[in-house]
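To keep things clear, I will list the structure first and then write my remarks on it.
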Amino acid sequence: MSSRWCACLFSLFLLVGNSSFAQSPGRLVWSDEFNYTGLPDSSKWAYDTGKHGWGNNEWQHYLAGSKENVWVENGQLRITARKSGPGEREYTSTRLITRGKASWTYGRIDVRAQIPKGIGTWPAIWMLGSKQPLQWPDDGEIDIMEHVGYDQGRIHASIHSKKYNHVIGTQKTATTLLPDCSDAFHVYSLIWTSDKITVLIDDKPYFEFKNEKSDRTAWPFDEPEYLLLNIAVGGNWGGKNGVDPKAFPCSMLIDYVRVYQ
């Protein structure tokens, strides 16, 4: 067999063996490259606001359009959590959402980000069902990236549905170590089809949840979901080992968000 023919076979093997992740991600249908200066583009982003604990006894007060908590400059989105005064509830942050602006069913989402460090921090890149009013966990949650500061360098991916969720201890989840997650940018990705959900970092998959073809209690993921970017403070999970006030201010940097279908 000629060396040229061997090379062709080897190339074909690589293409087939990595087809799920090496092929084109599809058609770009939505993105923010953050090539502007100011508050996030209001045609693409909205805010969740308030300081009522968000179902997890979190400490932060989410503000809308506060330059101290969210700003775009030098090609990056910066979400910042700050300690603004005395008391555990006197933390401010931002929770950016695409609800009411854009939502998707299936596709690939890439978010290139550098996440904060510090005990009590809880940054996340995630999705929720677009139905209003939302019924959680029935309408589905996909966690593309979560990190809790007391376990620095461990990245979490999960799904939540009525059948599989953390409240009843049945959530489907996986973790991977990424020691430089707070010192370097990485691409956190979701590939979502009608058959399975796959979460990747830098194109390397580490979490997979397959559609068991039973009912909506297990798989509510045939309906639109919207994207959220935020830093929470404290809470049942993020504050498990307390909150270090010296960790603040801290920021999550986002280089781009891209959605393909």
**OP:** Give the residue that is modelled with the lowest pLDDT, with candidates limited to residues of the range 131-188 that are farther than 25 Å from Asn241 by Cα and of a type in the set (Lys, Arg).
**Re:** Lys131
Subject >> Residues that are open to solvent by 10 Å² or more (accessible area, probe 1.4 Å) and part of a loop (DSSP other than H, G, I, E, B), drawn from the range 140-159 >> reply: Gln152
**OP:** Taking the residues in the range 183-212 that are of a type in the set (Ser, Thr, Tyr) and in contact with a strand residue (DSSP E or B) (Cβ under 7 Å, 6 or more places away or on another chain) as candidates, determine which candidate is surrounded by the fewest Cβ atoms within 10 Å (Cβ to Cβ).
**Re:** Tyr206
Subject >> Selected residue [without any contact (Cβ under 8 Å) to a residue 12 or more places away in the chain and within 22 Å of Phe248 (Cβ to Cβ)] from Asp183, Asp151 >> reply: Asp151
Original post:
If you go through the range 110-159, how many residues are hydrophobic (A, V, I, L, M, F, W, C) and in contact with a helix residue (DSSP H, G or I) (Cβ under 9 Å, 6 or more places away or on another chain)?
Top reply: 3
Original post:
Looking only at the range 108-120, which residues are more than 11 Å from Ser251 (Cβ to Cβ) and either open to solvent by less than 20 Å² (accessible area, probe 1.4 Å) or assigned to a loop (DSSP other than H, G, I, E, B) (or both)?
Top reply: Ile109, Asp110, Val111, Ile119, Gly120
**OP:** Go through the range 121-164 and give me each residue that's closer than 22 Å to Arg78 by Cα, more than 14 Å from the chain's Cα centre (by Cα) and of a type in the set (Asp, Glu).
**Re:** none
Subject >> Residue identified as within 23 Å of Glu225 (Cα to Cα), at pLDDT 95 or above and part of a loop (DSSP other than H, G, I, E, B) among Ala64, Ala124 >> reply: Ala64
**OP:** Mind listing whichever residues of the range 160-182 are crowded, with 17+ Cβ neighbours inside 10 Å and farther than 24 Å from Pro116 by Cβ?
**Re:** Ser161, Lys162, Lys163, Tyr164, Asn165, Lys172
**OP:** Taking only the range 121-139 into account, find how many residues are hydrophobic (A, V, I, L, M, F, W, C) and either in contact with a Phe, Trp or Tyr (Cβ under 8 Å, 6 or more places away or on another chain) or open to solvent by less than 10 Å² (accessible area, probe 1.4 Å) (or both).
**Re:** 5
Original post:
Tally time: how many residues in the range 67-106 are at pLDDT 95 or above and open to solvent by less than 30 Å² (accessible area, probe 1.4 Å)?
Top reply: 18
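The values are calculated or read from the model by the stated rules, or taken from the named source; none is laboratory data. The structure presented is a predicted model; accordingly, all values stated were derived computationally and were not measured. Using ideal geometry, Cβ is built from the backbone for each residue, glycine included, and neighbour counts are taken over all protein chains shown. Please note that ligands, DNA and RNA were not included when accessible areas were found on the heavy atoms of the full protein model with its side chains. Shrake-Rupley method; radii C 1.70, N 1.55, O 1.52, S 1.80 Å.
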